1. Quick one: count up the residues across the range 86-98 that are acidic (Asp, Glu) and touching a Leu at 6+ places or on another chain (Cβ under 6 Å).
2. Could you check how many residues of the range 1-37 are modelled with pLDDT under 90 and among the aliphatic types (A, V, I, L, M)?
3. Scan the range 85-121 residue by residue and report those that are within 25 Å of CYS16 (Cβ to Cβ), hydrophobic (A, V, I, L, M, F, W, C) and touching a helix residue (DSSP H, G or I) at 6+ places or on another chain (Cβ under 8 Å).
4. Would you please name the residue that is surrounded by the most Cβ atoms within 10 Å (Cβ to Cβ), looking only at residues in the range 65-101 that are within 18 Å of THR38 (Cβ to Cβ) and modelled with pLDDT under 85?
5. Out of GLU96, GLU70, GLU85, GLU89, report the one residue that is of a type in the set (Asp, Glu) and touching a Ser or Thr at 6+ places or on another chain (Cβ under 8 Å).
6. Are any residues in the range 100-124 more than 19 Å from ALA74 (Cα to Cα) and either assigned to a helix (DSSP H, G or I) or without any contact (Cβ under 8 Å) to a residue 24 or more places away in the chain (or both), and if so, which ones?
7. Go through the range 79-99 and report how many residues are in a loop (DSSP other than H, G, I, E, B), under 22 Å from ASN29 (Cβ atoms) and free of Cβ contacts under 8 Å to residues at least 12 places away in the same chain.
8. All but one of (1) under 20 Å from CYS115 (Cα atoms); (2) of a type outside the set (Phe, Trp, Tyr); (3) at pLDDT 85 or above hold for ALA62; which doesn't?
Amino acid sequence: MPPTASRHLLHLTLSCRKISAHVTTPTTNSIIAMASSTEQEFIPHYKSKLTTFPRSHKLWDAKIATRVGEKLAARLNDVGVMDVEIDVEEEMARLECYRKRLRPFLRAVEEAGVCVIGSDKLQY
């Protein structure tokens with residue numbers, strides 16, 4: 001079921017190197033809040049992953065996903081957004097390894113007071 005046009009939409013970009021999330025307004029599709037694992041706060045963690053041996057290809061984990069979720073939720077609270085919606089079909093089309101690592105992100109957003117509509121339909 002595609003998201004309804006009356007709610008703010010949460011867009012996620014996941015790769016082995018980063019997690020990025022932004023929320024758009026329903027009418028103009030302009031970004032109102034965003035958070036990413038490439039922000040200044042995460043650079044020491046990123047550099048430590050690059051210098052380990054054997055080198056890991058996964059540069060973010062549940063801890064980083066949780067922190068990115070907290071940052072996004074705080075920014076959404078600042079602008080007064082209390083609920084966002086995800087495209088369940090798009091998220092279910094992701095590889096299972098990414099969906100499992102997405103769980104801490106969604107949990108952190110919800111624990112910070114922002115309702116994520118559609119997260120209960122995701123199968124990890």
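The values are calculated or read from the model by the stated rules, or taken from the named source; none is laboratory data. Every value quoted in this text rests on a predicted model; they were computed, and no experiment measured them. Neighbour counts run over all protein chains shown; Cβ positions are idealised from the backbone, glycine included.
1. Step one: of the range 86-98, the residues acidic (Asp, Glu) are 87, 89-91, 96.
Filter again for touching a Leu at 6+ places or on another chain (Cβ under 6 Å), leaving 91.
Going through the range 86-98 one residue at a time, the tally reaches 1.
2. 4
3. ILE86, VAL88, MET92, LEU102, PHE105, LEU106, ALA108, VAL109, VAL116
4. Result: ARG101.
5. Working: GLU96 fails: touching a Ser or Thr at 6+ places or on another chain (Cβ under 8 Å); GLU70 fails: touching a Ser or Thr at 6+ places or on another chain (Cβ under 8 Å); GLU89 fails: touching a Ser or Thr at 6+ places or on another chain (Cβ under 8 Å).
Only one candidate qualifies: GLU85.
6. Going residue by residue through the range 100-124, those that are more than 19 Å from ALA74 (Cα to Cα) are 100-101, 118, 120-124.
Within the range 100-124, LYS100, ARG101, ASP120, LYS121 qualify.
7. Residues of the range 79-99 in a loop (DSSP other than H, G, I, E, B): 80-82, 86-87, 93-95.
Now restrict to residues that are under 22 Å from ASN29 (Cβ atoms): 80-82, 86-87, 93-94.
Now drop any that are not free of Cβ contacts under 8 Å to residues at least 12 places away in the same chain, which leaves 80, 93.
Residues meeting the conditions: 2.
8. Evaluating ALA62 over (1) under 20 Å from CYS115 (Cα atoms); (2) of a type outside the set (Phe, Trp, Tyr); (3) at pLDDT 85 or above leaves (3) as the failure.
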